[in-house]
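*Asks:* So that we are looking at the same thing, I have put the structure below in structure tokens.
Here, each number is a calculation from the coordinates, and none is a lab measurement. What you are looking at is a predicted structure, and each value in this text was computed from that prediction instead of being measured. Because the Cβ atoms are built from the backbone with ideal geometry, glycine has one as well, and the counts that use them run over all protein chains shown.
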Amino acid sequence: MEDLLNYSKVIASIITALSFVFGASIYLANSRKDRIKDTIIYWENFYREIKPRVQYFSTHSPSVEGEVVKNIAAHNTDKNKLHDILNNFEKFALGVNLGAYDLNSLNRVAGRTIVQLYERYEQYIVYRRSDPKTSNSWSEFEMLYTRLKKIRKS
């Protein structure tokens with residue numbers, strides 16, 4: 001009889017452990033799905049908000065390289081508009097880099113757009129970083145760009 005009780009306890013412990021593992025796996029699967037869904041929803045809202053600013057800036061400064069970089073830095077209106085765009089991407093990139101949003105989903109939904117935007121503004125970012133006070137400017141955006149670039153090459 002005592003053996004039967006011991007077997008029952010072992011079986012109950014195994015069932016409890018399996019239930020825990022099953023529950024944890026369901027939680028993780030749902031959590032991943034939620035992150036993917038949240039990434040797509042956040043990107044859609046984020047880009048809907050930022051796109052007019054990007055388009056406005058693109059129309060007024062079709063190229064952000066060479067002397068245009070210095071001209072933007074010298075004109076507060078253009079500089080503030082570009083900083084607004086870059087700062088918004090910096091915040092978004094921080095969320096991705098911290099794992100709040102799913103990088104692979106973002107790559108599939110907007111990887112090309114983000115890579116192209118970073119490359120468009122890269123010379124300005126480098127120019128701003130030449131000042132020691134702003135040497136880390138938009139580093140999260142750069143990190144996201146680097147990660148997306150790596151994924152897109154594979």
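*Asks:* What nm value, rounded to one decimal, do you get for the distance between residue 59 and residue 73 when each label is placed 7 Å out toward the C-beta?
*Replies:* Simple spin-label model gives 2.8 nm for this pair.
*Asks:* What does the convex hull of the alpha-carbon atoms of the chain project to on average, in nm²?
*Replies:* So the mean shadow area of the Cα hull is 13.2 nm².
*Asks:* Just from its helices, what would the mean residue ellipticity at 222 nm be for the chain, if runs of 4 or more DSSP H residues each count -39500 (n - 2.57) and the sum is divided by every residue, rounded to the nearest 500 deg cm²/dmol?
*Replies:* One gets -30500 deg cm²/dmol as the mean residue ellipticity at 222 nm.
*Asks:* With each label point set 7 Å from Cα along the Cα-Cβ vector, what nm distance links residue 87 and residue 150?
*Replies:* In this crude label model, residue 87 to residue 150 measures out at 2.9 nm.
*Asks:* Identify which of 66, 95, 23 has the largest mean-square fluctuation in a Gaussian network model of the chain, with springs joining Cα atoms closer than 10 Å.
*Replies:* 23
*Asks:* Same structure again: Using the Karplus equation 6.51 cos²θ - 1.76 cosθ + 1.60 (θ = phi - 60°), what ³J(HN,Hα) coupling, rounded to whole Hz, does each residue of the stretch 146-154 give in order, writing x for Gly and Pro?
*Replies:* Residue by residue, the stretch 146-154 yields 4, 5, 5, 4, 5, 4, 6, 6, 7 Hz.
*Asks:* Something else now. Can you run phi through the Karplus equation (6.51, -1.76, 1.60; θ = phi - 60°) for the stretch 70-82 and list ³J(HN,Hα) in whole Hz, with x for Gly and Pro?
*Replies:* 5, 5, 4, 4, 7, 10, 4, 4, 5, 4, 5, 5, 5
*Asks:* Please order 149, 51 by the number of other Cβ within 10 Å, starting at the fewest.
*Replies:* The order, fewest Cβ neighbours first, is 51, 149.
*Asks:* Now, a different point. Choose one of 76, 87, 101: the residue whose Cα lies farthest towards the positive end of the charge dipole of the stretch 30-116 (beta-carbon charges +1 Lys, Arg; -1 Asp, Glu; about the Cα centre).
*Replies:* Projecting each Cα onto the dipole axis, the largest value belongs to 101.
*Asks:* Suppose a student asked you for the relative contact order of the stretch 35-153, using Cα pairs under 8 Å spaced at least 6 residues apart; what percent would you report?
*Replies:* It comes to 35 percent, rounded to a whole number.
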